[in-house]
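Student: Pasting a structure below so you can have a look.
Nothing in this text is a laboratory measurement; each read-out follows from the coordinates by a stated rule. As the structure is a prediction and not an experimental result, all values here were calculated from the model. Note that each Cβ is placed from the backbone with ideal geometry, even for glycine, and that neighbours are counted across all protein chains shown.
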Amino acid sequence: MISSPITIESKLPNIGTTIFTVMSAMAAEHDAINLSQGYPDFPISEQLIELVNYYMTNGYNQYAPMTGVPELRSQIANKLGSGLDLDFDPDREILVVAGATEGLYSALTAFVHPGDEVIIFDPAYDLYAPSVVLAGGIPVHLELELPKFTINWEQLESAVSSRTRIIVINNPNNPAGSILSRKDLDLLSEIVEKHDLLVISDEVYEHMVYQPQVHQSILGHPNLRERGIAIYSFGKTFHATGWKIGYCVGPQNLISELTRVHQFVAFSINTPIQMALADYLKVPDHYLSLADFFKEKRDLFLRLMKNSRFEPLSCDGTYFQLMRYDKIRDLPDFQMATWMTKEHGVASIPTSVFYNKGTDNKILRFCFAKNTETLTRATEKLCQI
């Protein structure tokens with residue numbers, strides 16, 4: 001191993017290896033069932049695989065247009081338009097990106113200037129704050145209120161300062177499994193209009209909202225649509241997280257600025273996969289059926305956990321279920337997750353890692369985007385604790 005003599009001042013000195021990598025590695029080392037990292041263990045659509053293969057073998061293997069192939073952007077516009085009963089310009093309001101991660105990073109890089117404050121709600125996906133810091137901004141963390149993980153609107157109003165530039169929302173929220181209502185969006189709209197703010201809305205779990213709840217996108221709210229970027233993930237929607245492909249939607253002037261950064265981060269996205277997705281989106285049931293599909297998995301997981309000592313929290317969206325364990329052991333959540341992985345063979349995610357202050361509510365996150373056999377084996381182990 002070679003060590004460089006150059007002294008580097010880290011831009012992220014307090015950031016270590018992401019918890020998802022840590023827990024997945026621990027699960028592999030101890031041969032534990034991995035309910036930690038958010039990826040399915042069931043196959044994706046054979047039709048979608050066939051479409052990718054078709055376009056690969058028919059010469060669609062060179063650079064795609066920087067903003068995405070026209071066929072895919074057109075189908076995204078149709079998908080959004082039919083769901084929200086609105087018109088979207090595929091050439092000016094939609095940008096295909098290298099997964100939601102790149103979309104979020106590029107958006108924050110494009111719009112955050114040194115000294116700008118960005119409000120983030122904890123528990124939050126661990127990409128938001130580091131992206132703000134790398135852009136020279138200042139993350140301002142507010143905590144969602146238990147037990148429903150709701151926004152305290154008075155607290156949000158008081159947190160806005162003359163330096164506030166952006167509010168980041170995640171709807172549905174990972175890891176909380178909570179969603180924002182239409183009333184929530186109305187209240188958010190009042191604040192962003194009053195203070196002339198931008199909203200970046202992480203909506204990657206849009207199709208995993210469970211009845212009687214419905215997904216409320218900022219794109220369907222007239223005032224927020226003018227002031228925001230919504231970010232989506234095909235990887236989450238079609239069980240293909242390794243493909244790293246998503247898209248951003250917003251007003252023409254905001255997408256144009258976002259594209260300035262995107263061209264120097266990823267430039268263009270996998271061409272045959274874009275072409276395959278364009279065809280696959282022509283059948284709406286491929287994504288409209290997902291809410292029922294994952295609701296069955298959530299309900300199965302909860303039924304199988306009924307005889308355990310874990311206490312489930314409400315889950316209205318995503319494919320993650322939060323569980324309290326305070327009646328089992330009085331351990332910090334990382335220690336609890338480690339103990340369960342090593343001694344009981346099931347890996348989860350401690351939720352304190354999603355808090356800037358490391359807030360420990362004795363809650364673990366479990367991914368239920370797994371096949372029935374995996375969930376059955378995992379819950380048998382968890383019910384023995």
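Student: Hey, got a sec? Which chymotrypsin sites (Phe, Trp or Tyr not before Pro) in region 306-365 land in a DSSP loop and have at most 11 other Cβ atoms within 10 Å? If you can, show how the numbers build up before the last one.
Tutor: On the way: sites: Phe310, Tyr319, Phe320, Tyr325, Phe334, Trp339, Phe354, Tyr355; in loops: Phe310, Tyr319, Tyr325, Tyr355.
The qualifying sites: there are none.
Student: Once both labels are modelled 7 Å past Cα along the beta-carbon direction, what's the Thr359-Leu12 spacing in nm?
Tutor: 2.3 nm
Student: Here are several values of mean projected area of the Cα convex hull in nm²: [x] 21.6; [y] 20.4; [z] 18.1. Which one was derived from the coordinates shown?
Tutor: Answer label, from the structure shown: [y].
Student: Considering only Val22, Val249, Val112, give the residue with the highest GNM mean-square fluctuation for the chain, with springs between Cα atoms whenever their separation is below 10 Å.
Tutor: Result: Val22 has the largest fluctuation of those listed.
Student: Simple spin-label model, 7 Å along Cα-to-Cβ: Glu373 to Ser158 in nm?
Tutor: 5.4 nm
Student: For region 60-66, what does the Karplus curve 6.51 cos²θ - 1.76 cosθ + 1.60, with θ = phi - 60°, yield as ³J(HN,Hα) per residue in whole Hz, taken in order and with x for Gly and Pro?
Tutor: 8, 10, 9, 3, 8, x, 4
Student: Still on this structure: Over 19 Å between Cα atoms, which of Lys79/Lys236; Lys236/Lys357; Lys327/Lys357; Lys148/Lys183; Lys148/Lys362; Lys236/Lys297 qualify?
Tutor: Details: Lys79/Lys236 16 Å; Lys236/Lys357 28 Å; Lys327/Lys357 23 Å; Lys148/Lys183 15 Å; Lys148/Lys362 15 Å; Lys236/Lys297 15 Å.
Checking Cα-Cα distances, Lys236/Lys357; Lys327/Lys357 exceed 19 Å.
Student: Still on this structure, please answer the following. For Ala135, enumerate residues with amide H under 5 Å from its amide H, sequence gap 5+ or separate chain, H modeled in the peptide plane.
Tutor: Amide H to amide H, under 5 Å and 5 or more residues apart or across chains, Ala135 pairs with nothing.
Student: Taking H placed 1.01 Å from N in the peptide plane, check which residues at least 5 places from Gly228 or on another chain put their amide H under 5 Å from its amide H.
Tutor: For Gly228, whose amide H was placed from the backbone, the distant partners under 5 Å are Val199.
Student: Can you give me the relative contact order of region 274-385 as a percent, contacts being Cα pairs under 8 Å and 6 or more apart?
Tutor: Values: 136 pairs, mean separation 32.2, N = 112.
Relative contact order of region 274-385: 29 percent.
Student: Along region 198-213, what does the Karplus equation 6.51 cos²θ - 1.76 cosθ + 1.60 (θ = phi - 60°) give for ³J(HN,Hα), rounded to whole Hz, x for Gly and Pro?
Tutor: 9, 10, 10, 10, 7, 10, 5, 9, 3, 8, 10, 10, 9, 3, x, 6
Student: If you plug each phi of region 94-111 into the Karplus form 6.51 cos²θ - 1.76 cosθ + 1.60 with θ = phi - 60°, what whole-Hz ³J(HN,Hα) values come out, in order, with x for Gly and Pro?
Tutor: 10, 10, 7, 10, 7, x, 4, 4, 5, x, 5, 4, 5, 5, 5, 5, 5, 10
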